[in-house]
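> Submitted below is the structure of interest, expressed as structure tokens.
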Amino acid sequence: MSNKLILGGEKAIAKYFNPYLMTSDVLGHVVKVLKNLKEINIPKPIDNLKMSPITHITYDTGDSGKMFGCDLVVSTFVEGEMLGQQKQSLDFWYTLGKTVGSMSLMLSKMDVGNFHRNHPWDPILARQTLEENKKYYPQNEIPSLKFEEITRVHREMVEKLAHYPKQYVHGDVNENNIIVPTIPGESRVGIIDFNDLTVSYRLFEIAHTLAYILCKQSFDYKVIKSLYAGYSSVIKLDAAEEDLIYDAIIVRLALSSTIGSKSKILDPDNVYVRECADEIITNLETLVSQGRKTFYSQFFQ
């Protein structure tokens, strides 16, 4: 049977014929992620599934009419629900980190070929996206981080990463894209929504995950230390990469703050967008005020 997954932006059409993917219990979350879903087929789940089966994804670039294909790893999904703001044990965060590491490792083995997307959430293009949306950067709410400083940090970070190999990056492992198992005894964690897939550096996968979880878990460093320990059991970042984790986090949150502030203006009645943007802005100011030294002393103590 075919296991091709086709995503085309607003014209998303998805066909799932791979029994490894998910049960119908998370279908609602998939529908929420993929706009204008036309057809979906989910077979009955089977037992004892391994993590990260491979499917194929083809992106429709839209007006250009060009198609770029790549092999994509999709984590195993079991019956569960979105993480949201649930409190979890440190063992859970370790498992999540291990899942992110396993996903990143598998993605690194896939040939990127000529895959390219001019995507606003592409971490390599963050400075470009920030410049294009400079007027929306909430400078008054983030006094500790000047716009010029964040663009400098991004430029220097990308320059330092230039000699590392690139790979596919999910790029959006946040609380709404993490599936927590609800079956007693089930410990696997699912990751959904590969619609922001880009070709970038492996550092960004874990750094962006840490950024989202740190904010949602009220700066509980025990949580992100457990998450990173799980990730490190699969992938060992070198010292130079680890030294850029803080920079990658603040750049991501600055980008989220800017796009969120823009969305608040363009869609003022959207309570969800407003609350998310305000939360990220507050957390970014807190993180920058604490500073790099405090972050690393808490993260690696």
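The values are calculated or read from the model by the stated rules, or taken from the named source; none is laboratory data. All values reported here derive from a predicted model rather than from experimental measurement. Cβ coordinates were reconstructed from backbone atoms using ideal geometry, including for glycine residues, and neighbour counts include every protein chain displayed. These area figures cover heavy atoms from the full protein model, side chains too; ligands, DNA and RNA do not enter into them. Shrake-Rupley method; radii C 1.70, N 1.55, O 1.52, S 1.80 Å.
> Run the accessible area of segment 148-301 with a 1.4 Å probe and give the carbon-and-sulfur part as a rounded percent.
Of the solvent-accessible surface of segment 148-301, carbon and sulfur hold 52 percent.
> Compare HIS208, HIS116 by solvent-accessible area with a 1.4 Å probe and give them largest first, with all protein chains kept in place.
Descending accessible area places them as HIS116, HIS208.
> Treat each spin label as a single point 7 Å out from the Cα along the C-beta direction, and report the LYS134 to HIS116 distance in nm.
Calculated label separation equals 2.5 nm.
> Take the alpha carbon gyration tensor of segment 93-234, find the square roots of its eigenvalues, order them as a ≥ b ≥ c, and report rounded if a/c is under 1.5; if not, report prolate when a/b exceeds b/c, else oblate.
Cα axes put segment 93-234 in the oblate bin.
> At 0.36 nm per residue, minus the direct Cα-Cα distance, what do GLN86 and ARG292 gain on full extension? Give it in nm, one decimal, please.
Difference between extended and current length: 71.4 nm.
> Do any trypsin sites (Lys or Arg not before Pro) in segment 228-301 lie in a loop, going by DSSP, with at most 14 other beta-carbon atoms within 10 Å of their beta carbon, and if so which?
Those satisfying the criteria are LYS236.
> Another question, then. If I model a spin label as a point 7 Å beyond the Cα along the Cα-Cβ vector, how far apart are those points for GLU159 and TYR272 in nm?
Here the modelled spin labels are 4.0 nm apart.
> If you don't mind, another one. Where q = 0.17, 0.24, 0.26 Å⁻¹, what log10 of I(q)/I(0) comes from the Debye formula for segment 202-286, counting one point per Cα?
Debye output, listed in q order: -0.71, -1.13, -1.25.
> Per Stokes-Einstein, at 25 °C and 0.890 mPa s, what whole-number D in µm² s⁻¹ belongs to segment 116-178, with the Kirkwood radius over Cα pairs as the hydrodynamic radius?
181 µm²/s
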